[in-house]
1. Answer with yes or no whether residue 99 is surrounded by 15 or more Cβ atoms within 10 Å (Cβ to Cβ) and at pLDDT 85 or above.
2. Looking at 20, 36, 26, can you tell me which residue is within 14 Å of the chain's Cα centre (by Cα), in contact (Cβ under 8 Å) with a residue 60 or more places away in the chain and outside any loop (DSSP other than H, G, I, E, B)?
3. Does residue 124 qualify as being within 16 Å of the chain's Cα centre (by Cα) and either on the phi < 0 side of the Ramachandran plot or not aromatic (Phe, Trp, Tyr) (or both)?
4. With (1) surrounded by 16 or more Cβ atoms within 10 Å (Cβ to Cβ); (2) in contact with a Ser or Thr (Cβ under 8 Å, 6 or more places away or on another chain); (3) not in a helix (DSSP H, G or I) as the list, and residue 188 as the residue in question, which single condition is left unmet?
5. Any idea which residue in the stretch 117-141 is farthest from residue 100 (Cα to Cα), counting only those that are part of a loop (DSSP other than H, G, I, E, B) and of a type outside the set (A, V, I, L, M)?
6. For the subset of the stretch 102-123 comprising residues that are in contact with a Phe, Trp or Tyr (Cβ under 8 Å, 6 or more places away or on another chain) and surrounded by 14 or more Cβ atoms within 10 Å (Cβ to Cβ), which member is nearest to residue 188 (Cα to Cα)?
7. Got a number for residues in the stretch 193-223 being among the charged types (D, E, K, R) and either at pLDDT 95 or above or within 22 Å of residue 144 (Cβ to Cβ) (or both)?
8. Could you check residue 109 against (1) outside any loop (DSSP other than H, G, I, E, B); (2) in contact (Cβ under 8 Å) with a residue 12 or more places away in the chain and say which number it fails?
Amino acid sequence: MSAPVITVDGPSASGKGTIARNVARALGFHCLDSGALYRLVALASLHARVPADDEERLGVLACELSARFAGESIFLEDHEVTKELATEACGSRASEVAKLPKVREALLARQRAFRRAPGLVADGRDMGSVVFPDAALKVFLTASAAVRAERRYNQLKQKGIDATLPSLFRELEARDARDAARAVSPLVPAPDAVQLDSSDLTIDEVVSRILGWWRERADGVRA
């Protein structure tokens, strides 16, 4: 039997990465930050000066991506790029390359390889709808654009990255529109996903709800 999977999808800055890590930690599961893979492709394309619309070369970059994860640190070609990945320039480029079929196809097998015992919590934009359609629990996490902009601002400020709330708000709205409109794997909840608006919830409250849903699913399987 395949290892169980919990997916946490949602728009940028909805808190899905933090939530997924905390849920994985509570359950002793592995964790996949799929967005980091797309940001790595985006960063590699910026370093190599590959245009955002050069699908052939970007697909090759995604196939040959030399990256590794070590705790909270992320490396590209043995260089730590954790801070670079958090920049808005990288995030904006990631949103552009993520709509390209050859990039998504190249990363699909790499993402699925994260599935191993005792289980996996995967966060992204199409984890439940495309990458792990058989996931035992699918969560689609949302929050208002204003709340998400403030969260991203605080996150960047803690990392020492300059940003302004108005520019972050505009960028989030633009990314939402691109992600929802793309032809391949658009940002939409899986039909069987549980939707949760986290605008007025703390991290602990969201994690608690997801763990509660997971216990209900696990109890049902055992029964």
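1. Values: surrounded by 15 or more Cβ atoms within 10 Å (Cβ to Cβ): yes; at pLDDT 85 or above: yes.
Here the answer is yes, as residue 99 does meet what is asked.
2. 20
3. It is true that residue 124 is within 16 Å of the chain's Cα centre (by Cα) and either on the phi < 0 side of the Ramachandran plot or not aromatic (Phe, Trp, Tyr) (or both).
4. Here residue 188 clears every test but (1).
5. Of the stretch 117-141, the ones part of a loop (DSSP other than H, G, I, E, B) are 117-119, 125-126, 132-136.
Applying the additional criterion that residues be of a type outside the set (A, V, I, L, M) yields 118-119, 125-126, 132-134.
Values: 118: 32, 119: 29, 125: 14, 126: 14, 132: 19, 133: 20, 134: 24 Å.
It comes out as 118.
6. Within the stretch 102-123, the match that is nearest to residue 188 (Cα to Cα) is 122.
7. First, pick out the residues of the stretch 193-223 that are among the charged types (D, E, K, R): 197, 200, 204-205, 209, 215-217, 219, 222.
Going one step further and asking which of them are either at pLDDT 95 or above or within 22 Å of residue 144 (Cβ to Cβ) (or both), we end up with 197, 200, 204-205, 209.
Summing the residues that are among the charged types (D, E, K, R) and either at pLDDT 95 or above or within 22 Å of residue 144 (Cβ to Cβ) (or both) in the stretch 193-223 gives 5.
8. All conditions pass for residue 109, except number (2).
The values are calculated or read from the model by the stated rules, or taken from the named source; none is laboratory data. All of these numbers come straight from a predicted model, not from anything done at the bench. All Cβ positions, glycine included, derive from the backbone under ideal geometry; neighbour counts span all protein chains shown.
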